[in-house]
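Data first, discussion second: the structure below is written as structure tokens.
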Amino acid sequence: MRFKRNNSLSEILPRPVAFVFSGGTSLGAVQVGMLMGVFEANIVPDLLVGTSVGAINAASVGQGFTKSRLQHLASIWSGLKTSDVFGRTGLKSALSLLSGRGALSSADNFLRLLETHLPNSHSDLVIQTAVVATEFLTGSPVILAKGDLVLNILASSAIPMIFPPVTVGGRQLVDGGVVAHVPLAQAEMLGAQTMVVFDVGYPCKLSKLSQGSPKKRHCISSPSCCTASPTDSFRY
């Protein structure tokens, strides 16, 4: 795998630079290719923000945005099987789901996968990483940036009806993609001035800036690249 670095772009982007990862289940594998392209452009993140499967990729990059880390992440995705995440579902789990008393899959296999490849705590990461979940009872987005990294990602990825809700800090949480498929607002709340967006759900075709603070913001979206400026002009 060949990597070439370009030193020009990273020097002109306002900092802090946030990498923002969307949800997208198995399409999270596409984000690895996007990351390789951004690595070649020599854009270095100060902050990582992810939802659902994007939270997993964010935490992996949080261990270091390096060639070897990206190659390792690619190898994980290449060898991943459905059963590694969802286990084996049967009649009992299906009946429990239909009765409204449970979820289709246990999170046990998924938990083991996360524990195998990620550190225990956010403090173990070398790049600040936040993941987004949804509060089950209120539908409000929740930013998780401290404490148990694996538990937080499990909550951010708890797809409703597929996985059971995850309790964090006394709150029941489910997949962040319910309210923040692409957590741009959360990245801005955390101080991002530039957002490199890894959206595997939709192409970037913004007609205007989203509502937010009037401070200067830049957005680079991959693979359809757009730059948002305070004057609402866009380049595609």
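The values are calculated or read from the model by the stated rules, or taken from the named source; none is laboratory data. Worth saying up front: this structure is predicted, and the values here are computed from it rather than measured. Glycine also receives a Cβ, built like all others from the backbone with ideal geometry; neighbour counts cover every protein chain displayed. In case anyone asks, the SASA skips ligands and DNA or RNA and just uses the protein heavy atoms, side chains included. Shrake-Rupley method; radii C 1.70, N 1.55, O 1.52, S 1.80 Å.
Between L111 and E40, the modelled labels are 4.1 nm apart [label points 7 Å from Cα along Cα→Cβ]. Within region 35-90, the proportion of C-alpha pairs whose separation exceeds 14 Å stands at 61%. A simple spin-label model places the labels of S75 and L27 2.9 nm from each other, with each point 7 Å out along Cα-to-Cβ.
Computed with a 1.4 Å probe over protein heavy atoms only, the accessible area of M161 comes to about 130 Å². Under 11 Å from a label point set 7 Å out along the Cα-to-Cβ vector of S123, the amide N atoms of region 132-154 belong to 147-148.
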